[in-house]
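Here is the structure we will look at, set down as C-alpha cells.
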Amino acid sequence: MQRRYPTRVTFLASLAGLWTANACIPEFDEDLSLVEEPRILAVRAEPAEVEEKEPVQLAALVAVPEGGTTLTPVWAFCSAPKPLTELGPVAQPCIEDFGSTSPILKALGRGAAVDAVVPENACRVFGPIPPDSAAGDPSRPVDPDDTGGFYQPVLAGTSDRDRTPSFGRVRVSCGLTGLAPDEARAYRLGYRRNENPAIDELVARVGAARFEVDDGGSFAVEPGSEVSFEVSWTECPREASCGDGVCSPGEERAACPEDCREPRGCAGAETYAVFERESRSIGFRREGITVAWYSDVGGFSVPENGVASSDPESTTEANRWRAPASERDSRLWIVLRDERGGVGFRSITANVRDR
C-alpha cells in the first residue's frame, strides 16, 4: 500500500480547522503537536451514536508529559443551544459555568471514563424537533451537519476550576424531518449508526528497524533520529455483502441475519446514507478520517493530516517525527476522528537512548 506523507496543503487545512474551532490565529512558528502540560486531547463516546435516553460511556485521552502528574477529568453535559451567531463548538455560558451548579450543565462525575445517559430532550435542544413554543422557547430547530448528524455537547475539564475545558460530542440519532414516508423509509433502510474508528496498526520505522507499537507500548530510538510513522485503520466494505461481518447500508435483518441481527459497524471509514434534499434522493458517502499527532517534545512534520471522503482507497496515513537530542522517555499520542464524530486513539512511548 502506497505510503503518503503530509503536505503543506494538509497543514494549512489543519490550521483552517483550528481557526474555525477556536476563533483565534496561532503563531506560525508554534508547534501545534507539542504537549507541555497535562491536558485532555480527545473525548470518545461509546457507542459512537445513540438515541435519547440511551446509555453511553465517555472516555478521555489524557496526555501527561514525561514526569508530569496525571489528572482526573471532570465531566458535564451542556444543555444550552449555541446561538447561530456564536462561534465555537459549544455555547459560551456552558464554558463560563463549568464546575459550578448551573441549570444548563448536567454534572456527570469525574474519572478517565464515566457512564452517562443521553438527555431525553437532546433532539429538541440540539436536533430537528421544533422547540416548545408553549413554553416560550425562542430557539429554532437545528440543521444537521453535512453528514446528517446532530450532537449532544460534552465538556471535560482538568478540574472543577478549569476555565478552558475540552469539548466532546455524542452523536444523537434523531432522524431527519421534512421527508415523505417513502423517503423516510429509504433513509432508515440505508443509514447505519456510526462506529468509532480504531487504529489497526501503528508502525514506527527508525532506519532499517521496524516497530509495531501497541497501545501503551514503546520503541527504541537514538537521540536526534528521524522516525517515520504509519498508522492504519480497518478497511471497511465498499458494497453490501452478506457474511462479511458488517451490516452495511441496504442490508436487512431478515435477509442477512448473520450481519444484521445485532447490527455491526466497521472501525474504519464507513459508508453511510445521506439524504440529498435538492434531488430528493438517498445517496451514499464514505467517511473521511483525520489523524492528529501529539508529543511531549513536539517534533512532528505536521500536527494533523488524513484521508478525505473522496479518497476511499486509502486506509493509512503517515508522518515524520524527530526524536529529542538528549536521552529521555518521550510520550506520543495519536488520535483518529471520522467525519461523523467518532474517535479512536493510542498512547505510546519513545525510549530515546544512546546505544
Contact list please: Cβ distance under 6 Å, first residue in segment 265-284 and farther than 17 Å from L189 by Cα, second residue assigned to a strand (DSSP E or B) and of a type in the set (F, W, Y), pairs at least six apart or on different chains. G268/W233
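A quick yes/no check of all residues on (1) of a type in the set (K, R); (2) in contact with a strand residue (DSSP E or B) (Cβ under 7 Å, 6 or more places away or on another chain); (3) part of a strand (DSSP E or B):
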{"position": "L189", "(1), (2), (3)": "no, no, no"}
{"position": "P197", "(1), (2), (3)": "no, yes, no"}
{"position": "V203", "(1), (2), (3)": "no, yes, yes"}
{"position": "D214", "(1), (2), (3)": "no, no, no"}
{"position": "F219", "(1), (2), (3)": "no, yes, yes"}
{"position": "P223", "(1), (2), (3)": "no, yes, no"}
{"position": "S228", "(1), (2), (3)": "no, yes, yes"}
{"position": "W233", "(1), (2), (3)": "no, yes, yes"}
{"position": "S248", "(1), (2), (3)": "no, yes, no"}
Residue list for segment 334-355, filter: under 19 Å from I40 (Cβ atoms) and either at pLDDT below 95 or surrounded by 21 or more Cβ atoms within 10 Å (Cβ to Cβ) (or both): I334, V335, L336, R337, G341, G342, V343, G344, F345, I348
Please indicate, with yes or no, whether at least one residue in segment 299-308 is part of a loop (DSSP other than H, G, I, E, B), farther than 18 Å from A42 by Cβ and over 19 Å from the mean Cα position of the chain (by Cα). yes
How about segment 309-355: which of its residues are assigned to a loop (DSSP other than H, G, I, E, B) and of a type in the set (V, I, T)? T315
From the options V90, V50, residue that is in the same structural domain as R161 (by TED's automatic domain parsing), closer than 30 Å to I129 by Cα, β-branched (V, I, T) and modelled with pLDDT of 95 or more: V50
Within segment 276-289, restricting attention to residues that are touching an Asp or Glu at 6+ places or on another chain (Cβ under 7 Å) and not basic (K, R), which residue is nearest to W233 (Cα to Cα)? I289
The one condition in (1) touching a helix residue (DSSP H, G or I) at 6+ places or on another chain (Cβ under 7 Å); (2) farther than 30 Å from S281 by Cβ that C174 fails to fulfil: (2)
Are there strands (runs of 3 or more DSSP E) fully within segment 92-175 with at least 1 residues that are of a type in the set (A, V, I, L, M) and touching a Cys at 6+ places or on another chain (Cβ under 9 Å)? List them. 105-110, 150-157, 166-172
Output the residues belonging to segment 301-334 that are within 17 Å of S218 (Cα to Cα) and not basic (K, R). W321, A323, P324, E327, D329, S330, L332, W333, I334
Answer yes or no as to whether D311 is surrounded by 22 or more Cβ atoms within 10 Å (Cβ to Cβ), within 30 Å of F211 (Cβ to Cβ) and of a type in the set (D, E, K, R). no
In segment 234-278, which residues are of a type in the set (D, E, K, R) and either over 20 Å from E313 (Cα atoms) or buried (at least 18 other Cβ atoms within 10 Å of the Cβ) (or both)? E251, E252, R253, E258, D259, R261, E262, R264, E270, E276, R277, E278
Breaking point among (1) of a type in the set (D, E, K, R); (2) free of Cβ contacts under 8 Å to residues at least 40 places away in the same chain; (3) more than 18 Å from G149 (Cβ to Cβ), for E120: (2)
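The values are calculated or read from the model by the stated rules, or taken from the named source; none is laboratory data. Note that the coordinates shown come from a computational prediction; the quantities given were computed from them, not determined experimentally. With ideal geometry, Cβ positions are generated from the backbone for all residues, glycine too; neighbour counts draw on all protein chains shown.
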